[in-house]
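The values are calculated or read from the model by the stated rules, or taken from the named source; none is laboratory data. Being a predicted model, the structure only gives us computed values, none of them experimental. When we count neighbours, we look across all protein chains shown, and the Cβ atoms used for this are built from the backbone with ideal geometry, even at glycine.
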Amino acid sequence: MTIIIQAGHESSYSQELMDKLYQGGLNKPLASLNHQITAQLVSESLKKISDRPGILLDNNKLADNLAVDLLLSNLSQEEWGWNHPDNLFAMNYWAKLEQDSRFILVFDHPKYLLDGLTQKEITVSILDNLIENWINYHNKLLMTYESLGDNAILLEGQAATKSIGNSKTQIQSVNTILQLKSAWQLPIERIENGEENISRRILTEEIIKAYPEILIVYEKLLKKAKLKMTKSAVSDSQHNLSRLVAWYNEELTKQSQQTLALNYKNEEIQKQLEQLESQKVNFSKVEQENQLLLTQLHQVQEELEKYYLENKKQHTQLIENQKISDELIQKLKNTEQAQQKLEEIKKQITEKDKQIANAQAQVSENQKKTNELTKKLQDNVQLNQQLMEAKKQIAQKDKQIADEKSIIQTLNTQLAQNKTAQTDTVQRENELLITQLHKVQEELEKYYLENQQLKKNTSINEPTEPTMSVYYGAVDRVKTDLPYRLGATMVSHSKSVKDLAVLPLALAKEYRTFQKDKPVDELPPLEAYQDASEAEKVKKHLSYRLGKTLVDGIKSPNKTFKLPIKLVEELIDFRK
C-alpha cells in the first residue's frame, strides 16, 4: 500500500498538483470508517491537537483514533493520498504511524501570495501578517523536509504542474511501488494573474522586494527543490522592462484576435437566430401533432388498463376455482379412505359379535350347570346362599352383556349413518368400541373364574363326574409373564436419555417383582386356554419380543455377549 501525503501553502500550486496526481491514477481517500470524516478534516483536527500547549501528536489517543480510523477505511486501496496545508504539521507523526507513507512538500514564488486576497483594500499591517505567516510556514516546511529524509521530496508547484512527466519521475523516486499513467499531460487551468493584469504583477513584485527575508527563504527552497522552474529569487529591473514590453505587445495581439473572434461570433449568432425563427414555426406544427398523438396514447393506455384489470380478475377467479377443485378432490379421496376403514371396522365388529355369541353360549351352559348344582345342594345352606349370590351376579352380568350388545348395536347404527364422517371421528369411535369390547371380555373372564370357584366349592361337598376344564385369560397370563414385563420396561424407558440411563436398574427391579409375584401352583399350558389365539397375537408385540430375546440371551455367556445386537435386530425386524 502507498500513501501520498502532500502539503503546500494556500498560495502555491499544491492543490493543482494533487488534482493531476488524481488524474494520473492516484485514488482519493475514503471517509474514515467509524467517524465518517474526510481526510482534509482529519488534517485540520490533527493541526488543532498539535496547537494545544504542551500537547504532542505522538502517543495521543485522540490523534491515534482519528488517524487509525482513516487508515482502516482505506485498507483496500493500494495507492491513495490527499493534499492539505495542515498536513505539514503532522507529517512526522504520519511517518512514525505508517511506514508506507511518502510526502510531497510544495512551494511557489511569494508573488502569488497577494492573489488570494479578498479585501478591496490592503494595509501595511495586513501585508506584514501575510508575509510573516508565509515565512513561518515555509521555514516549517524546510525543517520537515530535512527531518523526513528520503521519504519526502520538495517541488516548486508551478514547475511540477507544467512538467508533469518530471514530477512523476521525482515522485516515483521516493516510492517505486506507485504506478501512474504513462501518458498523462493535462492543461493547466490556472491562469497567472500577470497575464490578466501586468501592472498588478509588477506592483506585487515590488512589494515582495520590500521584505528581503521572504526572498531569502524562497532562495533556500529553490536550492533544496528536486524540481524547480525559477533559478534565482533576484529579479533584474531590465528583465522586468523587457518582459513588460513583451506583455504589452502580447496584449495588443490578443485584443486584435479577440475583436476578430467577436465579429465572427456575432455573424454566427445572427445566422443562428434566423434558423431558430424558421424552426419555431415548424416546432408549433410538430407540437400540435404531438398533442394529438398524446391524446391517442392516453386513450390506448386507458383501454390497456381496463383490459389488464379484467384479465387480472379472471386470473384470480381461475386460481380460486382451481383451489376449490383441489379441495373437492382431496375430500373425495378422504371419503373413500373413510369408507374403506368403516368396512374394516364392520368386519371387526362382526368378529366381535361372533365372540360374544360364543361367550353367551358358554354362559348359557354355565347357567344350566349352575341350576343343576343348585338342585343338588339344596340342603347346604351355605352353598345355597353362594349360589343365590352367583345367580344375582350372573343376572347382573347378563344385564351388562345385554347393555353392551345394545351399545354395540347403537354404535353399529351410528357408524352406518356416519359413513361420510372424517377419519379422526371414526378412529375415536373405533377405539371406544374396542375398549368396551375389552371390558366385556374382562367381565366374562371374571365371571368364568367365579364360576370355576363355585365348581370347586361344589366338588368339596358332593363329588361330581369329571368334566373337562375350560380356561380363559391367556392374554393376561402372557402379559404377566417375565418376557413381556421386561420388554414393556425396556419400551417405556426408551423415550429419553434419562430413562435409558436407569434402564438396568428398572429391569432388575421388575425381575425381583416377578419373582415375588410368581404363582406357586403350576398353571395349565397356554394351548389349553380357549383364547390361546389371542395370546399368540400378544406374543407378536414389541414388548414380548424384546423381553423374550433378553431372557434367552442371559442364559449363556456367549448369548449375553451378542445380546445388544440381537435386540437391535429384533427391533428392526418388528418395524418391517
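Those residues that are under 52 Å from the mean Cα position of the chain (by Cα) and surrounded by 11 or more Cβ atoms within 10 Å (Cβ to Cβ), I need them from the stretch 522-547; list them, please. Full working, then the answer.
First pass over the stretch 522-547, keeping only residues under 52 Å from the mean Cα position of the chain (by Cα): 540-547.
Hits for the stretch 522-547 are His541, Leu542, Ser543, Tyr544, Arg545, Leu546, Gly547.
Given the options Lys566, Lys509, Lys562, Lys539, name the one that is assigned by the TED database to the domain that holds Pro483, basic (Lys, Arg) and farther than 21 Å from Ser492 by Cα. Let's see the steps before the verdict.
Values: Lys566 fails: farther than 21 Å from Ser492 by Cα; Lys509 fails: farther than 21 Å from Ser492 by Cα; Lys539 fails: farther than 21 Å from Ser492 by Cα.
When all the criteria are applied, what remains is Lys562.
When the stretch 531-570 is limited to residues that are farther than 30 Å from Tyr471 by Cα and of a type in the set (Gly, Ala, Ser), the one that is modelled with the highest pLDDT turns out to be Gly553.
Conditions tested, residue by residue: (1) over 30 Å from Ile135 (Cα atoms); (2) surrounded by 20 or more Cβ atoms within 10 Å (Cβ to Cβ); (3) assigned by the TED database to the domain that holds His138.
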{"residue": "Gly8", "(1), (2), (3)": "no, yes, yes"}
{"residue": "Ser12", "(1), (2), (3)": "no, yes, yes"}
{"residue": "Gly24", "(1), (2), (3)": "yes, yes, yes"}
{"residue": "Ile37", "(1), (2), (3)": "yes, no, yes"}
{"residue": "Gln40", "(1), (2), (3)": "no, no, yes"}
{"residue": "Glu44", "(1), (2), (3)": "no, no, yes"}
{"residue": "Pro53", "(1), (2), (3)": "no, no, yes"}
{"residue": "Asn59", "(1), (2), (3)": "no, no, yes"}
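A count restricted to the stretch 16-59 and to residues that are touching a strand residue (DSSP E or B) at 6+ places or on another chain (Cβ under 8 Å) and of a type in the set (S, T, N, Q) stands at 3. Residues that are at pLDDT below 85, surrounded by 12 or more Cβ atoms within 10 Å (Cβ to Cβ) and touching an Asp or Glu at 6+ places or on another chain (Cβ under 9 Å) do not occur anywhere in the stretch 503-521.
Across the stretch 532-540, a minimum of one residue is classified as within 14 Å of Asp476 (Cα to Cα) and not in a helix (DSSP H, G or I).
Being assigned to a helix (DSSP H, G or I) and more than 52 Å from the chain's Cα centre (by Cα), is that true of even one residue in the stretch 481-501? Quick ask: steps written out before the conclusion?
Looking only at the stretch 481-501, we keep the residues that are assigned to a helix (DSSP H, G or I), and these are 482-492, 497-501.
Now drop any that are not more than 52 Å from the chain's Cα centre (by Cα), which leaves 482-483.
Scanning the stretch 481-501, I find at least one residue that is assigned to a helix (DSSP H, G or I) and more than 52 Å from the chain's Cα centre (by Cα), so the answer is yes.
Looking only at the stretch 484-502, filter to residues that are out of contact with any Asp or Glu (no Cβ under 9 Å at 6 or more places or on another chain) and among the polar types (S, T, N, Q); which one of those is surrounded by the most Cβ atoms within 10 Å (Cβ to Cβ)? Steps first, please.
Residues of the stretch 484-502 out of contact with any Asp or Glu (no Cβ under 9 Å at 6 or more places or on another chain): 484, 487, 490-491, 494-502.
Next, from what is left, pick out any that are among the polar types (S, T, N, Q): 494, 496.
On the way: Ser494: 12, Ser496: 8.
Taking the candidates together, the pick is Ser494.
Checked against (1) modelled with pLDDT of 95 or more; (2) over 13 Å from Ala90 (Cβ atoms); (3) of a type in the set (A, V, I, L, M, F, W, C), Leu33 passes all but condition (1). For the stretch 5-40, a residue qualifies if it is under 16 Å from Asp86 (Cβ atoms) and either among the basic types (Lys, Arg) or assigned to a strand (DSSP E or B) (or both), and the qualifying residues are Ile5, Gln6, Ala7, Gly8. Is it the case that some residue within the stretch 307-323 is among the acidic types (Asp, Glu), at pLDDT below 80 and assigned to a helix (DSSP H, G or I)? For the stretch 307-323, residues among the acidic types (Asp, Glu), at pLDDT below 80 and assigned to a helix (DSSP H, G or I): absent. Residues of the stretch 237-259 include none that is modelled with pLDDT under 85 and either within 60 Å of the chain's Cα centre (by Cα) or outside any helix (DSSP H, G or I) (or both).
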